[in-house]
Every structure is written in structure tokens, then in C-alpha cells.
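J.: Sharing a structure with you now.
Any read-out appearing in this document is the output of simple, stated calculations on the displayed coordinates, not a laboratory observation. Fair warning: this is a prediction, and the values are worked out from it, not measured in the lab. Glycine also receives a Cβ, built like all others from the backbone with ideal geometry; neighbour counts cover every protein chain displayed.
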Amino acid sequence: MIAPKHRTHFNILLTLCLAIITLEIITHGALAAWSPETRLTTDLAWDRHPSIMQTSNGTIWVAWASDRDVYAQYDIYYETSFDYGLTWSDPMRFTRHLGTDDSPCILQTRNGDIWIVWESDRTGNLDILCRISSDHGLWWDVIIPLTESPYDDARPSLTQNIDGTIWLVWYRNVDGNYDIFCKTSSDYGLTWSNATRLTTDSSWDRNPSITHTYNGTIWVVWDSRRTGDYEIYCRTTSDNGSNWSDIKRLTTDGADDFTPAVLQAVNGTMWVFWASERASTNPNIFYKTSSDYGINWATATELDGMSNEDDQNPAVTNTNERQIWVTWHSLRTDDYEIYYILSDEITFIHDIAVTEITPWISPNIVIRSAPKGTPIFVNVTVENQGNFEENFNLTAYADRITNDVHIDLGTENITLTNEATTTVTFIWNTSDTPSGSYFISANATIVSGEYDTQDNVLLHGAYIGGIYNPLKAHQTNLVALLSPLAFAILAVAAMGGLAILFFRFLMSSKTQRA
């Protein structure tokens with residue numbers, strides 16, 4: 001047991017240690033450990049401008065531009081890996097055109113569609129084009145132009161915000177000056193907003209990258225020559241573009257810093273990667289991090305494994321395994337090839353997720369409807385996807401699909417160890433429940449330090465097709481049963497009446513003839 005006097009000293013020492021650790025994190029950033037680099041492409045042609053993502057089923061996709069065709073024009077190719085990079089598919093040719101198709105960006109939207117956008121000169125000047133697949137690349141829709149201006153539009157980047165809005169950014173050559181533009185779609189590309197100009201400086205602003213954060217903020221980073229050399233700049237919006245922050249400079253080195261890529265890691269840390277000539281005459285990949293949404297930034301760090309052989313155009317993604325994958329193109333061989341590297345698992349994560357809702361009336365019998373008075377057992381599965389033990393409240397509720405009835409099914413307090421899963425059963429007494437169809441939802445309270453709060457709520461996780469009054473249903477069924485019988489009886493009676501009338505008519509005719 002620590003004596004009171006010594007306990008005070010201990011607390012002071014502990015506070016100082018935590019302060020030093022915090023200062024170290026802010027000053028030096030999230031220094032990640034990285035795997036050895038892996039070369040993805042081996043063709044003798046030039047492979048450049050990669051983009052990377054992981055789909056919901058765990059597949060890693062890498063798309064890039066290559067001039068490997070016999071006509072030596074650039075087309076878009078991609079490869080996929082189902083086993084986290086142990087093996088890769090053969091390169092799949094995505095475009096075939098005698099012009100230049102370059103600088104792809106790849107994204108999977110919330111509805112499962114895979115988007116690839118890229119720049120193309122097939123219309124006479126550079127435009128942004130798009131194709132979408134709803135079956136993981138087995139079939140692709142027709143090409144859709146996303147820009148059709150008389151100016152050159154290049155280097156597109158995509159993200160989908162937490163509200164479902166799809167954002168597209170690119171740079172446009174307006175009368176010899178490059179500026180950053182963006183547009184949005186709230187209906188999965190059926191309609192788009194007008195293009196918004198994000199930069200108006202007389203110097204070149206190029207090569208944008210866009211991402212969204214867990215709190216719904218949009219980040220756009222790009223390179224600019226407004227200081228005489230290329231540096232990395234940033235703007236953000238927290239209200240879907242109604243207002244934008246002032247432009248903030250992220251690099252200040254005298255050497256050129258260009259082609260940035262930005263993302264937020266699963267622990268909330270912001271990461272920016274870019275190519276820089278600060279370490280040699282040939283560019284290498286550097287990165288820096290911020291743990292407070294860009295208020296403070298760590299010192300720039302060179303990515304492990306750089307070769308001083310022209311490494312540039314990084315692209316980044318998070319994975320389900322809590323790692324960051326970085327891909328880029330390099331001239332370390334006699335031509336540009338695609339390489340990638342991945343971080344160790346990102347730690348210090350607080351993350352609760354509601355994953356499944358299942359209603360039932362007895363074991364192994366999942367229901368779709370039930371008569372009033374039948375107790376419905378609602379199983380809600382919740383998972384601690386973080387690195388810490390968490391305590392939180394889990395609430396389940398039902399809403400009639402007409403949005404005029406809300407029923408609270410209860411709240412349970414849960415303590416869950418890291419990476420553990422549990423299922424909580426709520427009992428829904430339907431005796432006083434108004435008739436109708438219902439959605440069942442559940443939400444877990446946000447824990448301290450949690451950034452990924454989208455999956456704390458499982459909205460409309462289950463559907464009950466009908467809570468009904470059994471007596472009325474019986475009466476309705478009886479009427480439904482008797483109605484055809486009554487019709488048949490009436491029909492027979494009517495036919496019988498007609499027969500009697502016809503018989504009387506015949507008898508009357510015979511009497512008159514007699």
C-alpha cells in the first residue's frame with residue numbers, strides 16, 4: 001500500500017509521464033512500423049498513378065494506368081487479392097481506347113457498388129469519366145462522363161460521407177492556371193451538383209485527394225506552387241460544403257512536396273502522405289499525422305523502404321484488419337512499376353458496433369409477423385471492435401413503418417472486453433401494440449475516445465411484417481371464407497329463380513295455344 005505522502009509523489013510522477021508521452025505523440029506523430037515493400041506489377045511497360053481500396057468482403061483492389069498495350073496508349077488496369085496480398089489476380093484491363101485513360105480512383109459505396117473514375121482525353125480534352133459495378137466487377141455499367149467542360153479536368157478523387165453524399169474532386173486547367181474543383185451527388189450518381197471552385201490562387205493548385213472523417217467533415221488536400229515550390233495544402237468543410245475553412249499549409253520544406261493522399265485511421269488519427277524531394281534529388285514518400293483533427297501536426301517522416309529512386313503518387317486505404325495500406329509508383333527499375341506497403345495494426349481504438357438484430361417467438365423460429373399478445377424476443381448482437389474494455393448502454397426500439405408509433409423495448413448496461421461479442425435479448429410485449437408493420441432498431445452509446453460512431457446504431461435492423469389483432473383477423477378470414485360460399489348460394493338461388501320463371505313461361509305458352 002502506498003503511503004499518502006508517497007502517493008502524492010507517485011501521482012505527480014504519473015502525470016508527468018503521461019504529459020511526456022502525449023507530447024511525444026504530438027511531436028513525433030503516430031510512428032508506424034511497416035512491412036517490407038512489395039512489387040505488384042512486373043510488366044516492362046510503365047505502370048503509374050495507382051489507387052487502392054478494400055471492399056466490404058475483404059478484397060483488396062489496386063487500379064492504375066499502364067501503357068502495356070501494343071499501341072502504347074495509357075489504359076486503366078486493376079488487380080484484386082482475396083487473401084490480403086498473398087496472391088493477386090491477373091491484371092484486368094478496364095478501358096480500351098486509342099487515347100489516354102489515366103489517374104484512376106476506386107471506391108466502394110455503402111450500397112456495395114464499386115466505382116472507378118479516371119481522366120480521359122477521348123472527347124478531345126481531358127474529362128472525368130466513371131463506370132460502376134454492382135457485382136464486384138463481374139459486369140460494368142456504361143461509361144458516364146462526370147465533367148464535360150471545355151477545359152482539361154484531371155486527377156479525380158472520390159469519397160462517400162457518413163450521410164451517403166458522394167464527393168468528387170479534381171483539378172481543372174482554366175486558361176493555363178490549375179485550380180481545385182468539387183461536386184457532389186446525394187443519389188448515387190443519378191444527379192450531381194454544379195462544380196464548386198475551391199481555389200482561386202494565380203499559382204498552380206493540382207493533384208487533390210479527398211476523404212471524410214468519422215464526424216462527417218470533408219478534407220481536401222492538394223499540392224500548390226503559391227510559395228515558389230510545391231507544398232501541401234488543405235481545406236475542410238463540416239457542413240457539406242456550405243462553408244469551407246481557410247486554406248492551411250501542411251508542409252514548409254524548401255524542396256518540392258507534391259501528389260498528396262489523405263485518410264483518417266480507425267483510431268481517429270489523420271494521416272497525409274505525399275512525395276517529397278527533401279531527402280534527395282529523387283522524390284520519396286513521406287507522411288505526417290495529427291491526433292486532434294489538424295490542430296497540431298507531427299514532424300514529417302519518411303516511409304520505410306524508400307529507395308531514393310523516384311517514388312511518388314501515393315494512394316492509401318484503411319483495412320478491416322486495422323492496418324493502413326500505401327501504394328505508389330516507382331522508377332527504381334527501368335520503368336514505372338506499382339509497389340505497396342502496409343502498417344502494423346493501428347492500436348488505441350475505442351469502437352462499439354451493433355452488428356445484428358433477430359426477432360423470434362421460440363428458439364430457432366424467426367418471425368415475420370405475430371398476433372397481438374405474442375411476446376417477441378429480440379436478440380441484439382453487439383461487438384467491441386476496439387482495444388479496450390468498454391462499458392456502455394444498449395437500447396432497442398421498434399417504429400411502425402408509418403412513423404407514428406415508437407416503442408421502447410428496453411435498455412441494458414453492458415461491460416464488454418476488447419474484441420468480444422455478446423447478444424442481449426429484449427422482450428417485446430405486444431399486448432398493447434397498435435397493429436401494423438414495424439422496423440426494429442438498436443443503438444449503443446458512444447464510449448469515450450470513440451471515432452467510428454456510424455455503426456453504433458443499427459437502423460431498421462429487422463422487420464416485422466405485421467402485428468395484428470387475431471380476432472379481427474379471424475373475422476376477416478371468416479368473411480373471406482364465407483364470401484365465395486355466399487356468392488355460390490346466391491348464384492344457385494338466382495339460377496333457380498330463372499328456371500322457375502322459364503318454366504312458368506313455357507306453361508303459359510302451352511295454355512294459350514290450347
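J.: Roughly how far apart, in whole Å, are the Cα centres of the stretch 418-449 and the stretch 272-297?
T.: When both Cα centres are located, 44 Å separates them.
J.: Sort the stretch 137-276 into rounded, prolate or oblate with this rule: let a ≥ b ≥ c be the square roots of the eigenvalues of the Cα gyration tensor; rounded if a/c is under 1.5, and if a/c is not under 1.5, prolate when a/b is larger than b/c, oblate otherwise. Mind showing how you got there, number by number?
T.: Details: a/c = 1.69, a/b = 1.23, b/c = 1.37.
It is oblate, given that a/c is not under 1.5 and a/b is not larger than b/c.
J.: Which loop trypsin sites (Lys or Arg not before Pro) in the stretch 330-420, with loop taken from DSSP, have no more than 13 other Cβ atoms within 10 angstrom of their Cβ? Show your work: numbers first, answer last.
T.: Values: sites: Arg332, Arg368, Lys372, Arg400; in loops: Arg332, Arg368, Lys372.
Passing both the DSSP loop test and the Cβ count: Arg368.
J.: So for the stretch 331-383, what percent of the C-alpha to C-alpha distances run longer than 16 Å? Before the final figure, lay out each step's value.
T.: Values: 939 of 1378 pairs.
Every Cα pair in the stretch 331-383 considered, those over 16 Å come to 68 percent.
J.: Give the order of Thr269, Thr55 when sorted by the count of other beta carbons within 10 angstrom, beginning with the fewest. Walk me through the numbers before you get to the answer.
T.: Working: Thr269 22, Thr55 17.
Going from least to most buried by this count: Thr55, Thr269.
J.: While we're here: Could you state the number of Å between the C-alpha centres of the stretch 372-406 and the stretch 53-111?
T.: 40 Å
J.: Could you list Val62, Val266, Val174 in order of exposure, starting from the residue whose Cβ has the fewest other Cβ atoms within 10 Å?
T.: Working: Val62 26, Val266 23, Val174 15.
Ranking Val62, Val266, Val174 by Cβ neighbours within 10 Å, fewest first, gives Val174, Val266, Val62.
J.: Could you calculate the FRET efficiency of Asn429 with Asn391 from 1/(1 + (r/R0)^6), where r is the beta carbon distance between them and R0 is 41 Å, rounded to 0.05?
T.: 0.90
J.: Let me know the charge dipole size of the stretch 352-468 about its Cα centre in debye, to the nearest 20, where only the beta-carbon of Lys, Arg (+1) and Asp, Glu (-1) is charged. Kindly include the intermediate steps, with their values, before the conclusion.
T.: Numbers: 3 positive and 13 negative charges, 131 e Å.
That gives the stretch 352-468 a dipole magnitude of about 620 debye.
J.: When Glu389, Glu119 are ordered from fewest to most other Cβ atoms inside 10 Å of their Cβ, what list results?
T.: Working: Glu389 11, Glu119 26.
Listing Glu389, Glu119 from fewest to most nearby Cβ atoms yields Glu389, Glu119.
J.: Which of the aspartates and glutamates could a cross-linker span from Lys183 if the Cα-Cα distance has to be under 18 Å and same-chain partners fewer than 8 positions apart are dropped?
T.: Glu119, Asp127, Glu148, Asp152, Asp153, Asp163, Asp205, Asp239
J.: Counting pairs of alpha carbon atoms under 8 Å apart in space and at least six apart in sequence, what relative contact order in percent does the stretch 31-335 give? Could the numbers behind the result be given before it?
T.: Numbers: 790 pairs, mean separation 34.8, N = 305.
Result for the stretch 31-335 is 11 percent.
J.: How high is the FRET efficiency from Asn296 to Thr421, r the C-beta distance, R0 56 Å, rounded to 0.05? Working shown, then result.
T.: Working: r = 36 Å, r/R0 = 0.64.
Efficiency at R0 = 56 Å is approximately 0.95.
J.: So for each of 255-261, 138-144 I average, over its residues, the number of other beta carbons within 10 Å; can you give me the resulting order with the highest mean first? If you can, show how the numbers build up before the last one.
T.: Values: 255-261: 23.3, 138-144: 11.0.
The peptides rank, most packed first, as 255-261, 138-144.
J.: Taking the Cα centre of each part, how many Å lie between the stretch 159-226 and the stretch 312-341?
T.: When both Cα centres are located, 23 Å separates them.
J.: Another question, then. Rounded if a/c is under 1.5, else prolate if a/b beats b/c, else oblate: with a ≥ b ≥ c from the C-alpha gyration tensor eigenvalues square-rooted, which is the stretch 212-326? Write out the running numbers ahead of the final one.
T.: Details: a/c = 2.18, a/b = 1.27, b/c = 1.72.
Note, shape of the stretch 212-326 comes out oblate.
J.: Put +1 on the Cβ of each Lys and Arg and -1 on the Cβ of each Asp and Glu in the stretch 253-404; which of Met270, Gly373, Ala298 then has its Cα farthest toward the positive end of the dipole?
T.: Projecting each Cα onto the dipole axis, the largest value belongs to Gly373.
J.: On full extension of the chain, what length is gained from Thr38 through Ala72, given 0.36 nm per residue of separation minus the C-alpha to C-alpha distance? Each step should come with its number before you reach the end.
T.: Values: separation 34, 0.36 × 34 = 12.24 nm, distance 2.56 nm.
Extra length available between Thr38 and Ala72 comes to 9.7 nm.
J.: Test of the criteria: in the stretch 265-318, which GluC sites (Glu not before Pro) are in a DSSP loop and have at most 16 other Cβ atoms within 10 angstrom of their Cβ? List each step's numbers first, then the result.
T.: On the way: sites: Glu277, Glu302, Glu309; in loops: Glu277, Glu309.
Here the sparse-neighbourhood loop sites are Glu309.
J.: While we're looking at this one, here's another question. Name the shape class, rounded, prolate or oblate, that the alpha-carbon gyration tensor gives for the stretch 31-335, where a ≥ b ≥ c are the square roots of its eigenvalues, rounded holds for a/c under 1.5, and otherwise prolate holds if a/b is larger than b/c and oblate otherwise.
T.: It comes out rounded by the Cα gyration axes.
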